Amino acid sequence: MNAQAQQAVVRYLVDAITTRLENVDLPADPITEDSRFEDLGLDSINLVELALLVERELHVVVTDAQLADWGTVGAAGEHIAGSVTDSSTLPQVAHRGGGS
Amino acid sequence: MTEVVVAGIGGALPDNRVTNAELAEMMDTSDEWIRGRTGIAGRYWSRTTSTGDVAVAAGRRALDSAQRDQVDLVVLATTTPDHPCPATAPAVAARLGLGPVGAFDVAAVCSGFIYALAVAKGFIAGGLVRSALVIGAETYSTILDRTDRSTAVIFGDGAGAVVLCAAEPGTPAALEHIDLGSNGDDRQLVCVPGGGSYQRTRPEADRSTHFSMLGREVFRTAVTEMARSSQTVLQRSRWTVREVDWIVGHQANERILGALADRLEADREKLIMNLDRVGNTSAASIPLALLEGITSGRLRGGDRLLLTAFGGGTTWGSATLVWPELKAEPADLIPT
């Protein structure tokens, strides 16, 4: 379940970075859980916007500084998944993140 | 209870437009960098006009819009008063020929207009006065560090003003509810460190009289508190977000306003914005954006409005109102 939750959050983060953040200069390679935030062409505000999306939609309070400290999309997914208290957000997340 | 209505609106800008390209010649920035992070393409910076000067011009336009030459009270919100002492409002009242009316300043930085609106509404609803001129006026160009691209590109000068009047209970186009808040523990997020009694009583204190801001922290806190405050006034008015026609947020940053709309689950098309042309004019931003809404033909009598702002202090505030039928001229471009 924890691995599933982490995967769902990672898919959510990848979807958010690629389709919902503004002013992103995305790299050519696909974003994976090993991708580092600092290599994703994000500007100084994007991590704040990403943290606000996580807070609103996954109901987990994170800061841009925490995302930067965690470093990779996968590590952020692990930390955020570990803090999800409302598991009903995750199936929805998995569906959204699947891009279907 | 006595209702409070908006009876007139006006604005003024110093006639010196500074483009992003011009700023790129002064500091390490570019048009693309500024537009991408803020949505701002230009702003107006004073040369020879002070906060009082733009306030007088905006106040005159608002009085003309209201077809009045007298009010009972002047409340002026500003971060950049003409002098540390006295307040700017009495001089503005005198220059407008308003006689010996009550006049004072309100300091709540970028939330100043909402705070001033609340003060004036309280004076009218409490029966102390029957009308008030509420002005937000700023000349941030006088406190900016023009080598700091994180703040210098954002702020502009200008003033906006509304005339508020008492009206009979049940008047439809009324200022409905206002919510105010603050968190002084976050006072370091937006500040001018020096120039006040704190610096003068502490030899080790920062003496800088330039404006400083922790941008990312402000972004996050602004979205969070404006959304929370907006939901508070919407609940008091028993309006849903869907029933709001326009959201007029403090024109801090296009991306802050976008994130605010998302958090409120509101259509971004409901945001009235003018910061692309005038930048962040702090306490003047909401009345200038309202004026833009009217002169662009979007804002009409009977529309339901949500106003919301966040500023240094930190402070925040929101208001709900039904917009009246009003005629107004575009912002006065005054020589500078």
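Structure summary
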{"item": "Residues A:Arg56 and B:Ala94, FRET efficiency given R0 of 60 Å [Cβ-Cβ distance, rounded to 0.05]", "result": "0.80"}
{"item": "Relative contact order (percent, whole number), the range A:42-84, Cα cutoff 8 Å, 6+ residue spacing", "result": "33 percent"}
{"item": "Extension gain (nm, one decimal) between B:Arg228 and B:Asp15, 0.36 nm per residue minus Cα-Cα", "result": "73.0 nm"}
{"item": "Of A:Arg36, A:Arg56, A:Arg11, the one that fluctuates the most in a GNM where chain A has Cα springs shorter than 10 Å", "result": "A:Arg56"}
{"item": "FRET efficiency, B:Gln67 to B:Arg47 (Cβ-Cβ, R0 30 Å, nearest 0.05)", "result": "0.40"}
{"item": "Student exercise, the protein assembly as shown dipole from Lys, Arg, Asp, Glu Cβ charges, in Debye to nearest 20", "result": "1160 debye"}
{"item": "Helix runs (DSSP H) in chain B reaching 18 Å along axis by Cα, Kyte-Doolittle at least 1.6", "result": "B:112-125"}
{"item": "Radius of gyration and Dmax over the Cα atoms of the range B:54-162, both given in Å", "result": "14.3, 49"}
{"item": "Net charge contributed by nearby residues that have their C-beta within less than 11 Å of A:Ala75 (K/R +1, D/E -1)", "result": "-3"}
{"item": "Förster-model FRET efficiency, 30 Å R0, B:Ser197 and B:Val241, C-beta, rounded to 0.05", "result": "0.10"}
{"item": "Within a Gaussian network of chain A (alpha carbon springs, distance under 10 Å), most fluctuating of A:Ala16, A:Ala51, A:Ala65", "result": "A:Ala65"}
{"item": "Rg/Rh ratio calculated on Cα atoms of chain B (Kirkwood radius)", "result": "0.95"}
{"item": "Tail weight of P(r) past 24 Å, computed on alpha-carbon pairs of the range A:3-98, percent", "result": "10 percent"}
{"item": "Counted charge near B:Leu333, where neighbours are those whose Cβ lies closer than 15 Å (Asp, Glu -1; Lys, Arg +1)", "result": "0"}
{"item": "Of A:Asp64, A:Asp29, A:Asp39, the one that fluctuates the most in a GNM where chain A has Cα springs shorter than 10 Å", "result": "A:Asp29"}
{"item": "DSSP beta bridges in the protein assembly as shown [antiparallel fraction, %, rounded to 5]", "result": "65 percent"}
{"item": "Residue-span extension gain [B:Met1 to B:Asp267] - 0.36 nm each, minus C-alpha spacing", "result": "92.4 nm"}
{"item": "Translational diffusion coefficient (Stokes-Einstein; Kirkwood radius from C-alpha pairs) of the protein assembly as shown at 37 °C, 0.692 mPa s, in µm²/s", "result": "145 µm²/s"}
{"item": "Between the range B:183-210 and the range B:294-332, the Cα center-to-center distance that results, in Å", "result": "32 Å"}
{"item": "Alpha-carbon centroid distance for the pair the range B:142-177 / the range A:4-80, whole angstrom", "result": "35 Å"}
{"item": "Charge dipole (the protein assembly as shown, unit charges on Cβ, about Cα centre) - positive-most of B:Ser212, B:Thr80, B:Tyr140", "result": "B:Thr80"}
{"item": "The range B:192-290 - Kirkwood radius from inverse mean 1/r over Cα pairs (Å)", "result": "15.4 Å"}
{"item": "Given charges at beta-carbon only (K, R positive; D, E negative), |dipole| of chain B in Debye", "result": "280 debye"}
{"item": "Accessible-area order (highest first, 1.4 angstrom probe) of the listed residues B:Met226, B:Met213, B:Met26, B:Met1", "result": "B:Met1, B:Met26, B:Met213, B:Met226"}
{"item": "Distance between the range B:103-132 and the range B:21-76 - C-alpha centres, whole angstrom", "result": "21 Å"}
{"item": "Average projected area [Cα convex hull, the range B:276-328], square nanometres", "result": "4.0 nm²"}
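The values are calculated or read from the model by the stated rules, or taken from the named source; none is laboratory data. These numbers come from a predicted model, not from an experiment. Neighbour counts are summed over all protein chains in view; Cβ atoms, including those assigned to glycine, are modelled from backbone coordinates with ideal geometry. All accessible areas refer to the heavy atoms of the entire protein, side chains included, with ligands and DNA or RNA removed. Shrake-Rupley method; radii C 1.70, N 1.55, O 1.52, S 1.80 Å.
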